[in-house]
Amino acid sequence: MSGFAEKRRRFLFTSALSAVAWGAGRSVSAFAVEPRRREPQGDVLVTIFQRGGADGLNLVVPYAEDAYYRLRPTLAVPSPKDKKASPAARAIDLDGFFGLHPDLKPLYPLFAEGTLAFVHGCGSGDQTRSHFEAMATVERGIARDSGPASGWLARHLMSSPHDASSPLRAVAFGAGLPDALRGAHAVALNRLDDFRLHFPRNWPTSPLTAALTDIYKNVEDPIGVAGRETLAVLDRVNRLDPAHYRPAHGAQYPDSDLGRSLRQVACLIKGSVGLEVACLDCGGWDTHFVQGQIQPGLLRDLGSALAAFAQDLGSTLQRVTVLVMTEFGRRAYENSSLGTDHGRGGVWMLLGGGVNGGQVFAEWKGLDEAHLEPPGDLPVTIDYRDVLAEVIQKRLGNPNVSEVFPSYQPTPRRMIV
């Protein structure tokens, strides 16, 4: 091929990628030129970050502990055995000690059937209780304030032995890429409709698309392979018609940011576009004030969205792992504003295939003053990297955990079987 022809081909390919990225409003790094590789062999991982510090003590309630009710005279969720409270207000018994917040009731069937588990007292070594610092710690996959600048998901994708080349290998739904994907080839979208070839107005879209397809159909170098893969994924997304996607099995997603995002993730999973990682945000959990009025709406949204996602996927959930995380929990005692302040140990959730569900993983020491961490927090007794390591190794099929979490030896906890 002549030098001019090669330059022309590269220019056209770059223009096509720029058109896609301009339509999506995001980084072109998602379309890095790589040789064609095999489809991933592990699960699809869906992460949901409860930004703001979700109050784990009211999500998964230690109702059998009297100290819980002393510390939270107005915010405590009534025990399942509390006859003075209405049945709809009581915690739902999980194991005789912990109970589920009643506004998370849609999740109970998943817990009962063994596909959902909770991890109590989970968190990082960050002691600042700062949202910024704590989120950065978790997303970088480090202990406190030192370690790699890249994100833990980026390091997983880079070290995974399973080859993949899809432009939609890693997707974040929202305003931008989370720090967990820093260093990875990934794309951020508000909607799947954004992922399209977007030519300037009055350009003949169909002929140009056909011309790009013709250019790359017989080219076997990395640029040609990446061009064909990008165009093929665009075609699959277009045929999926995400704007008119209809959930299966009667699933009804809530009309919220989280509900709409999970609906689109389900569309991608069913469309077999090479998705490996999807990152979603779920904000509003910084409940310093009138927590009892704010938290129920957040929990209803989370519970109904996750339940709809599981119902929509049906048996496909067996090859999906959903990880719900937060940067820290809340203080054990309520404050004078009928809320809770920044704490330490929180609750994480695991849903999907291979989850050793139907249980609450905890190293519970109690809520009496002797066992709280000053100035009154549930301590972190399960390092969050233990959770991530099991997901990475057992569900995503990546044995290179030491490359994802350098200088850390995870403790096996059998959260994943």
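Only the coordinates and a few stated rules stand behind these numbers; no lab work does. Treat the numbers as computed from the prediction; the structure is a model and nothing was measured. Ideal geometry is used to build each Cβ from the backbone, glycine not excepted, and the neighbour counts take in all protein chains shown.
Quick one: check the C-alpha center-to-center distance for the stretch 360-375 versus the stretch 289-305, whole angstrom.
Answer, in whole Å: 24.
For q = 0.21 Å⁻¹, what log10 I(q)/I(0) does the stretch 145-195 give under the Debye formula with an equal point scatterer on each alpha carbon and no solvent?
These q points yield log10 I(q)/I(0) values of -0.77.
Restricting attention to the stretch 344-417, which GluC sites (Glu not before Pro) occupy a DSSP loop and are surrounded by at most 13 other Cβ atoms within 10 Å?
Qualifying residues, ordered by number: GLU363.
Rank by packing, highest mean first: peptides 145-156, 115-126, 48-59, with packing defined as the count of other Cβ atoms within 10 Å averaged across residues.
Highest-to-lowest ranking by the protection proxy: 48-59, 115-126, 145-156.
Fully extended, how many nm does the chain gain between SER336 and GLU373 (0.36 nm per residue separation, minus their Cα-Cα distance)?
Roughly 11.3 nm would be gained on extension.
Rg to Rh for the stretch 95-155: what is it, with Cα atoms only and Rh by Kirkwood?
Working: Rg = 16.0 Å, Rh = 14.2 Å.
Dividing the radius of gyration by the Kirkwood radius yields 1.13.
What FRET efficiency do you get for ALA64 and GLN293 if R0 is 41 Å and r is their Cβ-Cβ distance, rounded to the nearest 0.05?
Efficiency for this residue pair is about 0.95.
Can you tell me the length gained on complete extension of the stretch SER159 to ALA85, counting 0.36 nm per residue apart and subtracting the Cα distance? The partial results should precede the final answer.
Numbers: separation 74, 0.36 × 74 = 26.64 nm, distance 5.17 nm.
Extra length from SER159 to ALA85 when fully extended: 21.5 nm.
Using 10 Å bins from zero, what percent of all Cα-Cα pairs in the stretch 339-387 falls into each bin?
21, 46, 26, 7
For the stretch 231-260 and the stretch 35-105, compute the distance between their C-alpha centroids and round to whole Å.
Centre-to-centre (Cα) distance: 29 Å.
ASN218 versus ASP235, label points 7 Å from Cα toward the beta carbon: distance in nm?
With each label placed 7 Å out from Cα toward Cβ, I get 1.7 nm.
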